[in-house]
Amino acid sequence: MKIEIVSQKKNPLMGREDVHLRINHDGQRTPSRQEILKEIAHSLKMGENHIIIDRIFTVQGQAVSNAKVLAYEKREDVPVYKIDKMKRRMKLEKEPDEEKKPGKGKEGE
């Protein structure tokens with residue numbers, strides 16, 4: 001996976017930087033939010049708790065994805081609803097394994 005920063009724009013009113021990424025993932029699946037979060041935190045030299053991955057778009061038929069990332073200067077500037085939304089999305093990426101587990105049969109049988 002190779003991450004390229006396409007644009008990086010300061011947004012002083014919101015106390016953040018809006019970062020647009022291009023992610024090449026030849027021969028691999030679309031990277032998870034957790035994988036992107038680790039890579040972009042390292043690239044921007046920020047803590048993972050200051051970064052929100054807003055959107056990931058995969059280009060149809062190609063191993064290329066575009067992502068919009070919001071990098072906040074202070075943890076307090078991150079809106080609570082954005083934190084909750086990101087936690088839900090990251091949790092949903094991990095849960096499909098639980099759905100495959102066989103459930104209990106009907107009690108009447």
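The values are calculated or read from the model by the stated rules, or taken from the named source; none is laboratory data. Everything numeric here is computed off the predicted structure, so don't read it as measured data. Positions of Cβ are backbone-derived with ideal geometry, glycine not excepted, and every protein chain shown enters the neighbour counts.
Is it true that some residue in the range 84-96 is modelled with pLDDT of 85 or more and surrounded by 12 or more Cβ atoms within 10 Å (Cβ to Cβ)? Can you show your working first?
In the first step, residues of the range 84-96 are kept if they are modelled with pLDDT of 85 or more; the result is none.
There is no residue in the range 84-96 that is modelled with pLDDT of 85 or more and surrounded by 12 or more Cβ atoms within 10 Å (Cβ to Cβ).
Please tell me if I5 is aliphatic (A, V, I, L, M), loosely packed, with under 15 Cβ neighbours inside 10 Å, part of a strand (DSSP E or B) and modelled with pLDDT of 90 or more. Yes, satisfied.
Mind listing whichever residues of the range 8-39 are assigned to a strand (DSSP E or B) and not β-branched (V, I, T)? Q8, K9, K10, N11, R16, E17, D18, H20, L21, R22, N24 - these are the residues of the range 8-39 that are assigned to a strand (DSSP E or B) and not β-branched (V, I, T).
Name the residue that is surrounded by the most Cβ atoms within 10 Å (Cβ to Cβ), counting only residues in the range 43-75 that are part of a strand (DSSP E or B) and among the β-branched types (V, I, T).
Of the residues in the range 43-75, the ones part of a strand (DSSP E or B) are 51-58, 64-72.
Checking the rest, the ones that are also among the β-branched types (V, I, T) come to 51-53, 56, 58, 64, 69.
Numbers: I51: 22, I52: 19, I53: 20, I56: 18, T58: 16, V64: 16, V69: 25.
My answer is V69.
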